[in-house]
Every structure is written in C-alpha cells, then in structure tokens.
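Contents: one structure, followed by commentary.
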C-alpha cells in the first residue's frame with residue numbers, strides 16, 4: 001500500500017507537470033461536447049433543389065413557395081428544361097429536381113389528378129432519401145390542402161381513415177441533442193481514458209524507465225494499480241465536467257439517479273483503462289499503441305450505437321457489439337439520463353462491464369512481465 | 001575462499017535468442033565488497049549477462065544465485081537485494097532530483113525518515129543541494145549519472161550492477177564517479193561494473209573479459225598484465241578482442 005502511495009504521487013506529478021497535456025485532457029472534451037452535437041445532426045437541411053416549372057401557374061408557384069418555405073430546401077435553380085436542371089445535379093449544385101408538368105393547374109382542377117416528377121441525386125444517400133421523403137410529404141400536404149379547397153369534404157367520410165399519432169417518450173420534442181449528447185459524453189470519456197492509459201506504460205518502455213522499475217521489488221498488480229487510479233480520477237473529472245456542460249449548454253438534467261450513473265462509470269472506466277493498459281503491455285512503441293487503440297476506438301464507436309442503431313445492424317455485427325464496452329456505456333447513459341432507469345434496470349450492463357474489467361485488468365497484470 | 005563470502009555465483013549460465021548464443025556458459029563468482037569489472041567489446045554479451053543476474057531476463061540454461069537467491073525462481077527476492085543502473089539513463093527526467101529520490105526510496109520500502117536522511121546525505125555528497133528542486137532533465141550528463149548511481153544504492157543493496165555507467169562522461173566526472181563506487185564498496189556493497197574504459201578496469205579488484213559470449217579471462221588487473229606480458233590493460237583487451245568474430 002505504501003508503495004502504491006509513492007507510485008500515485010509520481011504519476012500525478014508527471015501528469016500535472018505537462019501543462020499542455022493537462023489542458024488538452026480537460027479542454028478538448030469540452031470543445032467537442034459543445035461543437036459536435038451542433039454539427040453532427042441527423043436532420044438534413046439545406047437540400048439544394050432545382051425546379052423545372054413548365055406550368056408557371058399560380059398553383060405551381062404556391063407549391064414551390066411552400067416547398068422553399070419548409071426550411072429544408074434551398075432553391076438552387078429555376079430552370080426551363082429538365083436537361084438544364086440535370087446539369088445542376090451533374091455539377092453537384094443540386095440534390096433534387098422537382099419537375100412540374102405543363103397543365104399542372106388545369107389537370108389538378110379538372111381531373112383532380114396530376115403527376116409530378118422528382119429526380120434524386122443518390123450519391124449522397126442520406127440527403128437524397130430524406131430529401132425525397134420531405135418533398136413527398138410536403139407535396140402530399142399541398143395536395144390535401146387543395147382537396148380541401150376544391151372538394152367539399154363529405155359529412156361522413158366515405159372511407160375509414162387511420163391516422164397514426166406517435167408520441168415520443170423520454171425525448172418529447174425529438175430533440176436530437178438530447179439523444180446525442182449523453183452518447184458523445186460516453187465516447188469522450190472513453191477516448192480520454194483509453195488513449196492516456198494505452199500510451200502510458202509504453203512510454204516508460206520507450207524512454208527506458210521501465211527497466212528501473214522492473215529491477216525493483218515492486219509487485220505487478222501494485223504497478224498496474226498505480227497506472228490505473230490516476231487516469232480513473234482524470235476521466236471521472238472529465239465526465240463530471242461533461243455532465244455540467246450538458247446541464248448548462250443543452251439543459252439536459254439526468255432523470256435518473258446520479259449515484260447509479262457514477263457507479264456505472266466507475267466500473268466502466270476500469271474496463272476502458274484496463275483495455276488501454278493491456279494494449280500498452282503488448283506494444284513496444286507509442287506509435288504501435290496509438291494505432292492499435294485507434295483501430296479499436298473506431299470499432300467501438302461505430303459499433304457502439306451512437307450514430308447508428310444497433311437494432312438495425314446485421315446479426316454478425318450485433319454479436320460484435322456484445323463485446324463492445326462502449327455500447328453498454330452509451331445505453332446506460334441514455335437509460336439513466338433520459339429515461340431515469342434505476343440500479344435494477346442497468347444491473348445486466350453493470351454485470352457485463354464488471355466482468356470485462358476483471359478480465360482486461362487481470363490480463364494486463366499477467367501480460368506485464370518484469371522478467372523477459 | 002569462504003563460501004558465505006560469495007554474493008554472486010554463476011555456473012555455465014547461458015542465454016540464447018534463437019540460434020544466437022548471447023552468453024555462452026559463463027562460470028564465475030564474486031565476493032562481498034569486491035569491485036568486479038565486466039569487460040568486453042560491444043556485442044560480447046555483457047548486458048545480457050547482467051540482465052540475467054538482475055532478474056530482468058530469464059536464463060536459457062545454467063545456474064546462478066545472487067545474494068543467495070536463485071535467478072530462475074526468486075527474482076523478486078533478488079530485486080530487493082540489488083541496485084541497478086542501466087546503460088540508458090533511467091531516472092524520470094520530468095521529475096525533480098528530490099522527487100526521483102523520494103520515489104525510488106519509497107519503492108524500495110524506505111521509511112519517510114530514512115528517505116529524508118538519505119536525501120540530505122546524498123545531496124550533500126553530490127553537491128546537488130541547489131539543484132534539488134530542478135528537473136532531472138536539466139542536469140548535465142555527468143551529474144545525472146552520479147545521481148543515478150546514488151539512487152541505485154539508496155536502499156543499501158548487497159550488490160549494485162552498473163552497465164557502462166560512465167559512457168560519455170568527462171574524465172574529471174569519471175574520477176568522481178569512481179570515488180562514489182569506492183565509497184559504496186567500503187560500505188560493503190559489492191560492485192559489478194561493465195566498462196569500455198581500460199583505465200577504469202585498473203580500478204577494479206578483479207576483472208573478466210568476455211569475447212563472443214564466452215568469458216575468456218578472469219583475474220586481477222596485475223595478474224592479467226603479467227600473464228599477457230604487457231604493460232597496460234589496453235593491450236590485454238586488444239589482444240583478446242582481436243580474436244572476436246562478432247561485434248558491431
């Protein structure tokens with residue numbers, strides 16, 4: 001225990017001596033937490049729309065202004081022919097073409113029927129799909145408006161109408177930020193802890209001080225603990241700063257208990273740090289450690305359910321996510337912060353992450369060899 | 001020679017890396033309080049042998065005990081009884097002189113009072129009082145090496161292993177360094193030292209010279225010189241090292 005005290009004192013001194021690193025540890029996550037949720041938005045806006053209006057009637061004008069007024073579209077061009085508009089797609093100035101045929105207004109009034117043509121530039125898949133869908137629903141809305149004007153609605157509808165009304169629980173206004181901020185915070189804490197721990201032991205290998213440690217009677221598990229605890233403390237501080245930012249910048253107040261949240265993060269961090277230290281014991285240079293961590297971090301994040309729902313992943317990917325600690329962290333963050341889940345609800349997550357912590361740290365201790 | 005007096009006993013100690021035999025069946029013993037010089041050209045296997053004796057590297061075959069502990073099974077007990085100063089400077093450059101002393105003292109289990117006393121004594125002896133709160137990185141190499149040695153013997157080990165401790169250090173500082181070594185030896189610490197400087201070899205009680213992983217000679221400097229019929233250790237070393245097949 002006494003040895004541990006000296007180790008911790010040394011680690012903290014070394015960490016806080018490097019002012020640049022300390023400010024990076026605290027400053028970078030803050031900037032990311034403020035910038036990323038604003039930029040990384042699922043909602044697609046600023047879709048560039050080229051309009052080819054062959055009709056030039058008051059109805060076609062109404063439709064166009066309705067589309068533009070929706071806020072999702074930006075008029076990239078008002079063209080005479082489809083060919084001209086297609087040029088805009090080719091030069092990537094437009095994402096969608098809305099072609100309004102001649103006699104749009106007349107046909108609509110007389111025959112109560114008219115076809116519109118929408119062409120989508122599918123190179124940017126998300127933008128194209130969502131843009132197409134938005135446009136579709138705006139036109140449908142426009143259509144409904146026209147019908148109301150032209151056709152008197154019968155007293156009793158001749159056909160039954162089922163209207164689906166969704167109510168969004170836990171995030172009532174479907175605020176994207178409420179959904180993404182806890183996830184991003186989870187990722188940031190993971191990155192800070194993972195990279196710091198992965199680079200630490202390997203750094204001592206590079207500069208040669210590990211030899212001097214290895215020739216002392218220090219116990220292996222004490223040494224690993226001495227590396228684990230400082231980063232655990234730092235990552236907890238980063239997490240706390242993140243929660244405060246979420247509260248004051250995004251107004252996100254955890255619905256559930258902070259105690260449950262901190263209990264989970266305490267164990268989760270042991271897993272992440274254990275993984276970092278394990279990588280560190282395998283590598284000989286900081287470059288190796290950096291690349292290995294980078295590889296796993298990408299996997300963890302992309303298969304963590306932050307940006308893409310795990311439910312819609314293929315089965316083999318779902319299996320991988322079960323071994324991904326980040327997945328459990330993101331889930332628990334959302335459960336506790338947004339839904340107010342209690343200890344019993346996150347117990348399975350807690351169990352799995354605890355098991356991972358034991359395995360990874362045990363492995364790191366075994367793999368750290370004082371005698372080669 | 002009394003058996004109890006032997007702090008290092010090696011018998012046919014060997015280390016192989018694949019086909020390469022770094023250290024080939026070396027057999028020798030070192031007595032308490034002795035300054036034992038371990039010479040050899042680059043690549044002769046000195047560092048490998050020393051790392052085995054320190055419990056940093058497991059031998060391939062042969063036997064060895066350090067301070068009575070076995071190099072295969074009791075490496076941690078060995079580590080309590082030795083000090084080690086590697087070829088590469090390995091104190092923490094981003095800690096101050098005081099912080100380094102405190103850390104290594106603490107790791108070796110010295111009490112706070114012991115650390116305090118030892119620190120004062122050490123700073124006095126090295127004349128480092130005014131530099132105590134400076135980062136080790138800012139010290140000149142010669143001072144770093146003296147500090148490194150003093151830290152290696154801080155816990156009064158039975159044996160201290162020094163791997164080319166004076167490489168790149170000026171002659172005056174080398175002389176001071178050897179004063180430190182003599183002081184340690186007088187306190188009963190056995191000194192096991194590798195060096196490339198033949199004037200330093202003369203300071204040793206006994207020296208061994210390794211050639212291609214084998215220990216070719218082992219005797220006092222005076223005996224070696226008369227055995228080879230030469231006047232300086234330089235010539236002894238030259239005659240032996242010339243036969244070496246490997247090197248850098």
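A compact table of results
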item	result
Calculated P(r) of region B:174-248 - Cα pairs past 17 Å, %	47
Shielding of A:201-210 by partner chains, average beta-carbon count, 10 Å	2
Solvent-free Debye scattering, log10 I(q)/I(0), computed from the Cα coordinates of region A:56-98 at q = 0.25 Å⁻¹	-0.93
0 to 90° range, to nearest 10: angle between helix A:2-17 axis and chain A longest Cα axis	50
Per-selection Rg to Rh, chain B - Cα, Kirkwood hydrodynamic radius	0.97
Cα-only radius of gyration and Dmax that characterise region B:13-125, units Å	16.8, 51
Span per principal axis, largest first, for the Cα atoms of the protein assembly as shown (Å)	125, 52, 47
Crossing angle, helix A:125-150 versus chain A [Cα axis fit, 0-90 degrees, rounded to tens]	40
Order of A:176, A:134 under a 10 Å beta carbon neighbour criterion, fewest first	A:176, A:134
Normalised contact order of chain B, rounded percent, pairs of Cα under 8 Å and 6 or more residues apart	27
Expected 222 nm ellipticity per residue - DSSP helices of 4 or more, -39500 (n - 2.57), all of chain B, to 500	-11000 deg cm²/dmol
Spread of Cα-to-Cα distances over 5 Å intervals beginning at zero, given as percent, for region A:47-150	2, 13, 25, 26, 19, 10, 4, 1, 0
Most mobile of A:344, A:290, A:329 in a GNM of chain A (Cα contacts under 10 Å)	A:344
Ellipsoid equivalent to region A:224-372 - semi-axes via the Cα gyration tensor, in Å	27, 19, 15
Relative contact order computed over region A:69-149 (Cα-Cα under 8 Å; 6+ residues apart), in percent	22
Average other protein chain Cβ within 10 Å of Cβ, residues B:98-109	5
Chain A: most fluctuating residue of A:240, A:126, A:190 per GNM, C-alpha cutoff 10 Å	A:126
Helix axis angle, A:343-367 relative to chain A longest principal axis, alpha carbon, degrees	50
Between region B:207-248 and region A:255-278, the Cα center-to-center distance that results, in Å	61
P(r), alpha carbons of region B:92-156 - 10 Å bins starting at zero, rounded %	24, 61, 16
Rounded D (µm²/s) - region A:267-308, Kirkwood Rh over Cα pairs, Stokes-Einstein at 10 °C, 1.306 mPa s	144
Cα gyration tensor of region B:105-248 - equivalent ellipsoid semi-axes, whole Å, descending	33, 16, 14
Rule-of-thumb Rg ratio for chain A [Cα; 2.2 N^0.38 Å; N residues]	1.36
Gaussian network model of chain A, springs between alpha carbon atoms under 10 Å - residue of A:203, A:106, A:322 with greatest fluctuation	A:106
Equivalent ellipsoid, region B:9-55 (semi-axes from 5 times Cα gyration tensor eigenvalues, Å)	20, 12, 9
Helix-only [θ]222 nm of chain A, DSSP H runs n ≥ 4, -39500 (n - 2.57) each, per residue, nearest 500	-22000 deg cm²/dmol
Under the Debye formula (equal points on every Cα, no solvent term), log10 I(q)/I(0) of region A:23-88 at q = 0.26 Å⁻¹	-1.09
Test item: A:360-371 mean partner chain Cβ contacts at 10 Å	2
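Any read-out appearing in this document is the output of simple, stated calculations on the displayed coordinates, not a laboratory observation. As the structure is a computational prediction, the values presented were derived from the model and not from experiment. Counting neighbours? That spans all protein chains shown, and the Cβs are built from the backbone with ideal geometry, glycine included.
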